[in-house]
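J.: Here's a structure for you.
No value in this document is a laboratory result; all are computed from the given coordinates. Computed from a predicted structure; not experimentally measured. Every residue, glycine as well, gets a Cβ built from its backbone with ideal geometry; the counts of neighbours run over all protein chains shown.
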Amino acid sequence: MEQNKTGKYFKYAIGEIVLVVIGILIALQINNWNEERKADKAENQALLALKNEFEQNIERFRIIIQKRDSAQTDLRIYYDIIANDSLPLDEKVKAKTVSYFGGTWGVQNTVLNGLVNSGAIENIKNDTLKTLLASWPNFIQRWRYEEETWRRLKEKFQDYERTKIRKGIPRPIHEKGGHIFKDSWEQHYTRMGLIVNDLEYQNFIASDIQNLSHQSIVGTRILQNYEQIITALNNEIKNRNIN
């Protein structure tokens, strides 16, 4: 009888253990499901934030590229004129109608940097998108290098002009005029006439064109990378039914 009673208690104990294990497994499964749900929600929010950030960045960038390409086109026309030794000085001076666009991109990667620094970038399940996002900072670094090179060139050109061209002074406060600085055609002719045939000046223009050409190449690659990223983001958002 004692052995029979012990066997029943043993079976009962095993049953209790099995129930406890099953309960623990169910609790773990529920906890994992909740964690996955939280992770999915966080990823959805990150995808929407990334899309918004990239669209804002690229809107500004397209304007910059358009301006830089326009400046490059104008400079090429201008260079062909001033580098032509057979043209008279008057024609070269009159050709000086190029305007420079010195704005910088100032790209904002707050969302992407936050994901990378926190390690949350690893929560993005789309490997293709993750790879594209990882390559984006390299493009930004290359663009900043081109912008910095251009800025240094502008500074050197300004230093050159200071030694070649007399700087104008503003009009007196009491004197009426449409412009702050007095600038007649004769003054413009005198200033440009001093440098337009200077080989150093022409080389500055050539260097400017070369840098703008590099910016155009890098800019094209950035736009291509952006198109891949935004396409991957839109597809992921659509597949997840994110509103």
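J.: Which residue fluctuates most in the GNM of the chain (Cα springs below 10 Å): I30, I229, I63?
T.: Among I30, I229, I63, the largest mean-square fluctuation in the Gaussian network model of the chain belongs to I30.
J.: Of A27, W105, L89, which is farthest on the positive side of the dipole of the stretch 2-239, counting Cα position, with +1 on Lys and Arg Cβ, -1 on Asp and Glu Cβ, and the Cα centre as origin?
T.: About the Cα centre, the residue reaching furthest to the positive side is A27.
J.: Per-residue ellipticity at 222 nm for the chain, helices alone: DSSP H runs ≥ 4 residues times -39500 (n - 2.57), over residue total, nearest 500 deg cm²/dmol? It would help to have the intermediate numbers written out before the result.
T.: On the way: 6 runs with 186 residues, N = 243.
It lands at -27500 deg cm²/dmol.
J.: What FRET efficiency comes out for the pair K96/N234, r = Cβ-Cβ distance, R0 = 51 Å, nearest 0.05? Walk me through the intermediate numbers first.
T.: Values: r = 46 Å, r/R0 = 0.90.
It comes out at approximately 0.65.
J.: If you take Cα extents along the principal axes in Å from the coordinates, which of [x] 56, 55, 31; [y] 55, 36, 35; [z] 126, 45, 31 do you get?
T.: Matching entry in [x] 56, 55, 31; [y] 55, 36, 35; [z] 126, 45, 31: [z].
J.: To continue, here is another question. Quick one: net charge around E59, please, counting Lys, Arg +1 and Asp, Glu -1 for every other residue with C-beta under 15 Å from its C-beta. Write out the running numbers ahead of the final one.
T.: Numbers: positive: K51, R60, R62, K67; negative: E53, E55, E227.
Within the 15 Å Cβ shell, the charges total +1.
J.: Less than 19 Å apart at the alpha-carbon level, and either on another chain or at least 8 residues along: which aspartates and glutamates does that give for K130?
T.: Here the aspartates and glutamates satisfying the reach criterion relative to K130 are E36, D40, E43, E53, E55, E122, E227, E236.
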